[in-house]
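Enquirer: Below is the structure I would like to discuss, written out as structure tokens.
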Amino acid sequence: MSAIARSASLAATRSSFSGSRKQLATKKVARTTRSVTARAEVQEIHMPALSSTMTEGKIVSWLKGEGDAISKGDAVVVVESDKADMDVESFFDGYLAVIAVEDGEMATVGAPIAYVATTEAEFEQAKAMAAAASGAAPAAPAPAPVAEAPAAPAPVAAAPVAAPAPVPAAPAPAASVAGRADGRIIATPYAKKLAKKLKIDLATVAGSGMNGRVTAGDVEAKAGVPSSTAPKTAAAGAPLSAPAGGPSVASSPPAKLPAAPGVGVPLSGMQAAVAKNMLPSLAVPVSRIAMTMCTDDLDSLYKKVKPKGVTMTALLAKAVGVALAQHPIMFSALSPDAKSIVYNEKVNIAIAVALDSGLITPVLVDTAGTDVYELGRVWSGLVKKARGPGLAPADYANGNFTISNMGMFGVDVFDAILPPGQSCILAVGGSKPTVVPIDGGIGVKTMMTVNLTADHRHINGDVAATFLKTLKAVIEDPKDLVY
């Protein structure tokens with residue numbers, strides 16, 4: 001091939017490569033453009049499934065308002081599941097353009113509860129999407145007529161309404177609101193949450209707490225709604241005044257009804273879950289065995305470890321965990337078809353905690369193998385989270401044995417209902433000084449009765465009794481619980 005021909009061929013190759021490179025660059029640009037366009041779409045925030053049994057959730061309160069800028073990972077809303085109240089985070093950056101489900105409303109799992117726009121220019125698109133998706137939205141206002149039904153008894157309700165009328169007069173201390181020297185607003189976490197829900201400006205609320213702290217009762221008084229704390233305060237105050245010769249409990253006025261007579265009050269998500277789970281639990285054949293044990297040595301040990309942050313609940317859980325480790329069948333589970341026993345590697349004890357909205361059972365993991373001081377720290381953290389919206393699904397999952405303690409209420413003995421999926425639950429009563437035989441004579445010891453409910457399909461009575469004997473031995477000689 002001549003030099004001229006080779007030169008022409010090389011030029012053609014270069015031209016072809018240059019053309020291909022241009023086409024490649026064009027494709028890249030197009031691809032980039034499509035990518036940018038995709039990112040600019042309005043995104044939906046869906047009602048999450050916060051537990052394996054959750055089918056719908058209730059919006060407790062929005063932590064962000066419409067139009068607020070949000071980032072990925074920001075907590076935007078508090079949702080009440082069938083287990084607890086939890087913060088829900090955003091998976092997107094942008095603006096909270098539309099809130100589709102307001103505070104106090106319900107939504108099924110997976111349904112859109114809000115829309116996030118990448119830019120403010122997309123707000124109208126987000127509103128259009130919300131409007132299109134709200135085909136079932138008219139069902140939400142439907143409950144309004146239900147609320148109007150009690151309007152007939154309005155004359156009856158008029159009398160109680162007149163009684164709380166003096167409460168709004170409390171705003172007279174409004175001067176104290178303006179009188180704070182530093183201008184700060186001090187309020188309890190629940191008061192802040194309640195103020196947001198009732199749309200009350202905390203700056204206008206006079207605080208009755210220490211140093212002018214705004215309490216939930218102050219917010220309720222400002223909003224003109226019945227105080228949720230008043231009945232508890234009255235009930236607590238009655239016993240204290242009784243010894244001083246004041247009015248007895250029997251003479252206390254009846255508690256105020258939470259709602260008008262005859263009007264149904266919907267269960268909270270947590271209460272509805274408990275109600276749903278109780279029915280299959282009652283279908284399980286169970287045996288109940290009680291045993292009384294001395295707690296003198298356990299009480300002495302508790303006095304030593306209490307200053308180090310160990311609660312009696314943690315110490316008791318440790319004792320139960322050590323005893324359970326010697327009886328694997330007690331923290332096993334029967335398979336769904338009831339044809340086999342599934343054994344667990346670790347003792348994970350769920351402990352019942354009563355809340356205003358229902359019952360929750362945070363789980364202490366590996367109680368047999370965990371140091372009692374660590375159990376104390378973990379339990380304190382779980383209780384704090386249970387009282388607020390911080391309890392995560394992992395905090396109440398995978399329990400394989402449950403403890404329910406009502407001793408603090410003065411209860412001596414009671415039966416507990418077996419939780420679904422577990423083999424046993426231990427009901428713990430209060431300990432009290434009791435006259436007992438000692439060395440041929442009599443004496444006084446502190447005694448406590450526990451009542452074990454066990455799935456009788458695979459745990460016979462003698463097996464359950466043997467476990468209780470082990471637990472009694474551990475509680476009456478607890479020195480090895482601390483190491």
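Enquirer: Would you check the accessible area of residue 208, probe 1.4 Å, heavy atoms only, in square angstrom rounded to 10?
Expert: 90 Å²
Enquirer: Heavy atoms only, probe 1.4 angstrom, no DNA, RNA or ligands counted: give me 123, 331 ranked by accessible area, highest first.
Expert: Ranked list, largest accessible area first: 123, 331.
Enquirer: With all protein chains present, calculate the accessible area of residue 256 using a 1.4 Å probe and round the result to the nearest 10 Å².
Expert: So the heavy atoms of residue 256 present about 110 Å² to solvent.
Enquirer: Around residue 132, what is the net charge, scoring Lys/Arg as +1 and Asp/Glu as -1 over all other residues with Cβ under 14 Å from its Cβ?
Expert: -1
Enquirer: Return the FRET efficiency for the residue pair residue 257, residue 55: r is the Cβ-Cβ distance, R0 is 25 Å, and the value is rounded to the nearest 0.05.
Expert: 0.25
Enquirer: At R0 = 45 Å, how high is the FRET efficiency between residue 473 and residue 75 if r is their beta carbon distance? Nearest 0.05 is fine.
Expert: With a Förster radius of 45 Å, E is 0.40.
Enquirer: Additional query: Quick one: net charge around residue 308, please, counting Lys, Arg +1 and Asp, Glu -1 for every other residue with C-beta under 15 Å from its C-beta.
Expert: Summing Lys and Arg as +1 and Asp and Glu as -1 gives +3.
Enquirer: Pop the C-beta distance of residue 408 and residue 103 into the FRET formula with R0 = 30 Å and round what comes out to the nearest 0.05.
Expert: That pair, residue 408 with residue 103, gives E of 0.35.
Enquirer: Residues with amide H under 5 Å of residue 286's amide H, sequence separation 5 or more or different chain, H placed in the peptide plane at 1.01 Å from N; which?
Expert: Residues meeting the amide H criterion: 456.
Enquirer: Length gain on complete extension for the stretch residue 288 to residue 125, per 0.36 nm per residue less the alpha carbon to alpha carbon distance?
Expert: Additional length available on full extension: 52.6 nm.
Enquirer: Run through the stretch 293-393 and list the trypsin sites (Lys or Arg not before Pro) located in a DSSP loop whose Cβ has at most 13 other Cβ atoms within 10 Å.
Expert: Answer in residue order: 339.
Enquirer: Multiply the residue separation of residue 435 and residue 339 by 0.36 nm, subtract the distance between their alpha-carbon atoms, and state the gained length in nm to one decimal.
Expert: So the chain would gain 29.9 nm between residue 435 and residue 339.
Enquirer: Which parts of the stretch 336-355 would a label at residue 277 reach, counting a residue when its backbone N lies under 13 Å from a point 7 Å out along Cα-to-Cβ?
Expert: 350-355
Enquirer: At 1.4 Å probe size, with no ligands or nucleic acids counted, give the accessible surface of residue 449 in Å², nearest ten.
Expert: Only protein atoms counted, so the area is about 30 Å².
Enquirer: Still on this structure, I have one more. Would you work out if the stretch 350-463 is rounded, prolate or oblate? Take a ≥ b ≥ c from the square roots of the eigenvalues of the alpha-carbon gyration tensor; rounded if a/c is under 1.5, else prolate when a/b is larger than b/c, oblate otherwise.
Expert: Note, shape of the stretch 350-463 comes out prolate.
Enquirer: So if each residue of separation counts as 0.36 nm, and I subtract the Cα-Cα distance between residue 445 and residue 249, what length gain in nm does that give?
Expert: 67.5 nm
The values are calculated or read from the model by the stated rules, or taken from the named source; none is laboratory data. As the structure is a prediction and not an experimental result, all values here were calculated from the model. Positions of Cβ are backbone-derived with ideal geometry, glycine not excepted, and every protein chain shown enters the neighbour counts. Surface areas here come from the heavy atoms of the whole protein model, side chains and all, with no ligands, DNA or RNA. Shrake-Rupley method; radii C 1.70, N 1.55, O 1.52, S 1.80 Å.
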